[in-house]
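Chemist: Could you have a look at this structure, given as structure tokens, before my questions?
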């Protein structure tokens, strides 16, 4: 095995570890080896066997293809297989948190994000909206058996789920980002709330109005962040420095939600597919080409953070009017 492949594998493992995790201890547990044997592999004195590589890639969710220098228009992606998906809100958040920790561990990370409909990171400021979004995906698209005959109802967010969402949001808020929003922003989400109401899929039909109230608060909070150009959690104040939040509006059509990150050590790309599932790659050529497209999209979009007050106010006014229209429709149906 080429030494650069072994080096790349070690780098991938390090990126998956928490700050307080020991490489030697972690790998010795995965491979059932002594820490001395692990460090011989770390120093390149002993190569990993193919069976050890299989264990490592399986445990740390590393694509072996990504370690090889095989291009020829091939790109390796990691994704969550729906046939094997252990669905839960916690499991979904844990996957996102793992990716965010990896990005945060890099030197000077930055992100470019395109938002087709729903800003998932911002949604974490309002966990009940996030919970409904995930439930809708599970019931209406994944056909999770446990939800087949179940109605959606209000539940208190448990401490573990809240902690996972909070940590993701905290990491996101510390990474400077440029975000491009589609003019159909959040409209699909509102249609989903309307659909559940009309299909009698809310245990308490008035909960649809509570979700719209949360969406209104989401808009107010996002606008507050965009005005100052900084990200901060709902209920707190903008920081004195850092947390840069550049927001753009695009008048054409954004075809998907994409998260492209850059850092001094590595670059990567996540994008959604099958509604809320996501693909991930660190293929250098693919990420570079995708970043070029995103940079071009930025050039053809209007900056509304800190500047361009007229366009910013117009955008949010239209969104608030749309929420009001959905609210009036639901209130009218409730009164019948």
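Nothing in this text is a laboratory measurement; each read-out follows from the coordinates by a stated rule. Because the structure is a prediction, the values reported are computed rather than measured. Backbone-built Cβ (ideal geometry, glycine too); neighbour counts: all protein chains shown.
Chemist: Under the 0.36 nm per residue contour assumption, what length would be gained going from the current alpha-carbon distance of residue 331 and residue 43 to full extension?
Modeler: The residue 331-residue 43 span can extend by a further 96.9 nm.
Chemist: In degrees between 0 and 90, to the nearest 10, how far off the longest principal axis of the chain does helix 207-228 point, with axes built from Cα atoms?
Modeler: 70
Chemist: With labels modelled as points extended 7 Å from the Cα through the Cβ direction, what inter-label distance (nm, one decimal) is found for residue 170 paired with residue 23?
Modeler: The two pseudo-label positions are separated by 2.6 nm.
Chemist: If you don't mind, another one. Convex hull over the Cα atoms of the range 118-251, averaged projected area in nm²?
Modeler: Answer in nm², one decimal: 8.8.
Chemist: Further question: For the Cα atoms of the chain, what angle does the longest principal axis make with the long axis of helix 50-60, in degrees from 0 to 90, nearest 10?
Modeler: 30
Chemist: Under a 10 Å cutoff between Cα atoms, tell me which one of 252, 281, 161 has the largest fluctuation in the Gaussian network model of the chain.
Modeler: Sorting by GNM fluctuation, first place goes to 252.
Chemist: Could you give the nm distance between label points at residue 36 and residue 59, where each point is 7 Å from its Cα heading toward the beta carbon?
Modeler: 2.0
Chemist: If each of residue 156 and residue 244 carries a label point 7 Å out from its Cα toward its Cβ, how far apart are those two points in nm?
Modeler: Result: 4.2 nm between the two label points.
Chemist: Moving on. Gaussian network model of the chain, Cα springs within a sub-10 Å range: biggest mean-square fluctuation belongs to which of 163, 138, 240?
Modeler: Answer for the Gaussian network model of the chain: 240.
Chemist: Now for a separate question. Sort out for me the Cα centre separation of the range 24-38 from the range 177-246, rounded to whole Å.
Modeler: Between the Cα centre of the range 24-38 and that of the range 177-246, the gap is 45 Å.
Chemist: If you don't mind, there's one more thing I want to ask. Given the rule -39500 (n - 2.57) for each run of at least 4 DSSP H residues, summed and divided by the residues of the chain, what is its mean residue ellipticity at 222 nm, to the nearest 500 deg cm²/dmol?
Modeler: -16000 deg cm²/dmol
Chemist: Work out the FRET efficiency for residue 289 and residue 314 from their Cβ-Cβ distance, taking R0 = 35 Å, and round it to the nearest 0.05.
Modeler: Rounded to the nearest 0.05, the efficiency is 0.55.
Chemist: Would you mind ranking 234, 172, 286 by Cβ crowding within 10 Å, fewest neighbours first?
Modeler: Final ranking by Cβ density, sparse to dense: 234, 286, 172.
Chemist: Compute the angle between helix 3-16 and the longest alpha-carbon principal axis of the chain, please, reported from 0 to 90 degrees and rounded to the nearest 10.
Modeler: For 3-16 against the chain, the angle is about 40 degrees.
Chemist: Go ahead and set up a Gaussian network model of the chain, Cα springs under 10 Å, then flag whichever of 149, 121, 132 fluctuates most.
Modeler: 149
Chemist: Take every Cα pair under 8 Å in the chain that's 6+ residues apart, average their separations, divide by the length, and report that relative contact order as a whole percent.
Modeler: Reported relative contact order: 20 percent.
Chemist: Can you put 279, 334, 201 in order of Cβ neighbours within 10 angstrom, beginning with the fewest?
Modeler: 334, 279, 201
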